[in-house]
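Data block below; observations after.
The values are calculated or read from the model by the stated rules, or taken from the named source; none is laboratory data. These numbers come from a predicted model, not from an experiment. Counting neighbours? That spans all protein chains shown, and the Cβs are built from the backbone with ideal geometry, glycine included.
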Amino acid sequence: MKNNKHNQSGFTVLEMTIATLLMGICLAAISQIITDYNKSLRYIQEKEKCIFGIQMGLHRIADELREANEVTHPSAGSPDNKIIFKKRVPPFEDKDYQTDSDEPDFGIYLTDPLNESPLQKVKYYVQSGNLYRQVLDDSDAIISTSALARDVNVLSVTRKKNGEFKIKITIDEFRPPSQQGEPLPDIETTVQVRGKI
């Protein structure tokens with residue numbers, strides 16, 4: 001007698017449906033993890049870029065303030081959201097510079113810095129979440145304006161004793177609901193003005 005049983009190697013439709021369903025669930029979970037990771041990565045990169053811009057803006061304020069000859073705003077002891085000062089602008093003509101090539105500490109310097117180097121009025125302030133730098137003329141007319149950083153909430157400048165200023169920038173931070181946590185730290189520095197105040 002012959003055996004009528006067929007060799008039944010393979011999967012049934014039900015087994016294939018269950019396997020496909022499980023594979024779909026796994027792929028959906030992996031896809032969601034990758035999407036969340038990409039959102040978090042974009043958020044972190046954007047915040048790093050923002051913090052770097054604010055640090056560069058603060059560095060520029062500090063560098064220019066160190067060389068200030070006259071700080072007109074803020075007054076002593078009272079914090080304010082802007083700072084206005086005058087600083088010397090180096091001349092850009094060769095005749096204004098003198099070299100000292102005979103000396104061991106060879107250098108280039110201004111012939112008469114007090115008479116030949118004009119004062120420039122500079123203003124830093126925050127408006128609409130941006131940190132701005134303005135150059136003003138003697139009548140406070142705007143010569144130029146440039147945005148230095150975005151996502152700035154507050155610029156706080158406090159004038160202390162002996163030409164020292166405390167500058168603090170608070171970051172305006174928007175976080176998606178999935179990224180709630182510790183707020184970003186304020187960025188601050190203290191600057192000692194070297195020029196004549």
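If you take the residues in region 153-166 that are closer than 19 Å to Gln120 by Cβ and either under 13 Å from the mean Cα position of the chain (by Cα) or at pLDDT 80 or above (or both), which one is surrounded by the fewest Cβ atoms within 10 Å (Cβ to Cβ)? Among those that are closer than 19 Å to Gln120 by Cβ and either under 13 Å from the mean Cα position of the chain (by Cα) or at pLDDT 80 or above (or both), it is Phe165. Being touching a Cys at 6+ places or on another chain (Cβ under 7 Å) and either at pLDDT 85 or above or surrounded by fewer than 18 Cβ atoms within 10 Å (Cβ to Cβ) (or both) holds for only one residue in Arg133, Arg150, Arg175, and it is Arg150.
Against the list (1) touching an Asp or Glu at 6+ places or on another chain (Cβ under 9 Å); (2) modelled with pLDDT of 85 or more, the condition Lys47 fails is (2).
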